[in-house]
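The block underneath contains the structure these notes are about, expressed in structure tokens.
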Amino acid sequence: MLSGIRIIEFEALGPAPFAAMHLADLGAEVILVQRKSGGGNPAKGATRLLDRGKRSISLDLKAEADLRVARALIRSADGLIEGMRPGVMERLGLGPEEARALNPGLVYGRMTGWGQEGPRARQAGHDLNYLGLSGALFYGGLPGAVPGVPPTLLGDIGGGALYLTVGILAGILRARESGRGTVVDAAIVDGAQHMMALLRSMGAQFDTGARGQSLLDGPHWSRCYRCACGGHVAVQCLEPQFYALFLEKLGLETDPVLAEQFVRAQWPGQVARLEGVFAAWPLSHWVDLFEGSDACVAPVLSPEAAARDPHMGARGHVPDSALPAPRFDGRVVQPGPAPDPGQHDREILQELTERGLL
């Protein structure tokens, strides 16, 4: 889908390499600029999954000869991705002004948690901090409990990497029409706050301003329950017809405790009732009971177990996989392998020389 688009990615952690992987999965040519010494993801025990489908060149960005190569790469590119703290790329002489002087049509993608400006812009932070400040973590917990710790999918990927990907593609569309590039400031606090638009659009009954009182974090029909085996089921039968089917499948359609779906004062007692129900049988029982129904109940599976689920298997998922998404015309893209650091040094340098950029 993105054949003919070249992205230069400067090595970083987390959402920036995810965004570059996503673009590579969609067919863009991604050249990963890795550190000449100690290149590769420095996180202990990390896999190289996020580098799949890319080519790698190792450079020392403090050495003038390698800086010339970095500038040549920038001149050859449609887009650039960097995930450094604000000011780092400028100190290297590769900031947006310098890059766009080399390539006026360049889309310069910047991935940070706090953004390029603001009182916290140069402070350290992580996914949970950005979610907390943006308001996105507020409803992330059950009544009476502290807010939970969601996986980095919510901030780093949802509020960060995917916004960077969309921003870069939007910038490239404009650049191809106008010849003018742009700087994409993708801040996780901005993306996370923006994602709350769906919740806010549903009105005060969903977004009450009080934890444990909204229609997503308070009721008995919107939470997870522990089963006899220690596993969990996820229940979220919001619409009355789905709630009625949920009770019917449980054999509780005449239970007076569960009769009222939307009376907040009754939710604690209704939760306790369902806790006892689900704790009586193992997860396998509940999976079988709700199989094929519209009661909006699903098992909470580990990633390994999810890959063995019939539905996920039918979609092509296997253990330890992260299939590219979305799909186009029903086709699953098969990404290339992750390169070794510097694997394509000679190849990329030769290409730049042949194009007259070095």
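Total lysine pairs in the chain at Cα distances under 28 Å, for residues eight or more apart or on different chains: 6. Rolled with a 1.4 Å probe across the full set of protein chains, the surface gives D320 an accessible area near 140 Å².
Available extension along the chain between Q116 and S3 is 37.7 nm, counting 0.36 nm per residue and deducting the alpha carbon span. Projected label points at Q213 and L289, each 7 Å from Cα along the beta carbon direction, are separated by 3.2 nanometres. Specify the residue with the greatest mean-square fluctuation among L154, L274, L26, computed from a Gaussian network of the chain linking alpha-carbon atoms under 10 Å apart. Looking only at L154, L274, L26, the largest GNM fluctuation is found for L274. Under 10 Å, Cα contacts only: if you run a Gaussian network model on the chain, which one of I348, I74, I57 comes out with the highest mean-square fluctuation? Of I348, I74, I57, the Gaussian network model singles out I348 as fluctuating most.
In this rough spin-label picture, where each label sits 7 Å from Cα along the Cβ direction, the A259-A65 distance is 8.5 nm.
Residue order by solvent-accessible surface for K54, K62 is K62, K54, largest first, with ligands and nucleic acids left out and a 1.4 Å probe.
Of S302, S222, the order by accessible heavy-atom surface (1.4 Å probe, DNA, RNA and ligands excluded), from most exposed downward, is S302, S222. When the Gaussian network model of the chain links Cα atoms closer than 10 Å, the mean-square fluctuations of Y225, Y130, Y163 top out at Y225.
Within the chain, C224, C227, C229 have no other Cys Cβ under 4.7 Å of their Cβ and so lack a disulfide-compatible partner by this rule. Charging the Cβ of each Asp and Glu at -1 and of each Lys and Arg at +1, and nothing else, the dipole of the chain about its Cα centre rounds to 820 debye.
Restricting region 311-358 to trypsin sites (Lys or Arg not before Pro) that sit in a DSSP loop and have at most 16 other Cβ atoms within 10 Å of their own Cβ leaves R315, R327, R355.
Taking 8 Å as the Cα distance limit and 6 or more residues as the minimum spacing, I'd like the relative contact order of region 1-141 as a percentage. Here the relative contact order equals 22 percent.
Specify the longest stretch of the chain that does not include any exposed loop site, a site being one of the GluC sites (Glu not before Pro) with a non-H, G, I, E, B DSSP assignment and at most 15 other Cβ atoms within 10 Å. The longest uninterrupted stretch comes out as 118-252. Restriction of the chymotrypsin sites (Phe, Trp or Tyr not before Pro) in region 271-337 to DSSP coil positions whose beta-carbon has at most 11 other beta-carbons within 10 angstrom yields no sites. How would region 248-358 be classified by its alpha-carbon gyration tensor: rounded, prolate or oblate, with rounded meaning a/c under 1.5 and the a/b versus b/c comparison settling the rest? It comes out prolate by the Cα gyration axes. Look at where the Cα atoms of region 293-323 and of region 186-246 average out, and the two centres are 21 Å apart.
Counted residue by residue at 0.36 nm each, then reduced by the alpha carbon distance between them, the extension gain from V88 to A204 reaches 37.5 nm.
For the chain, adding -39500 (n - 2.57) for each run of n ≥ 4 DSSP H residues and dividing by the number of residues yields -10000 deg cm²/dmol at 222 nm.
The values are calculated or read from the model by the stated rules, or taken from the named source; none is laboratory data. Quick caveat, the model's predicted, so the values are computed rather than measured. A quick note on method: Cβ atoms are made from the backbone with ideal geometry, for glycine too, and the neighbour counts reach across all protein chains shown. These accessible areas exclude ligands, DNA and RNA; they are computed on the full protein's heavy atoms, side chains included. Shrake-Rupley method; radii C 1.70, N 1.55, O 1.52, S 1.80 Å.
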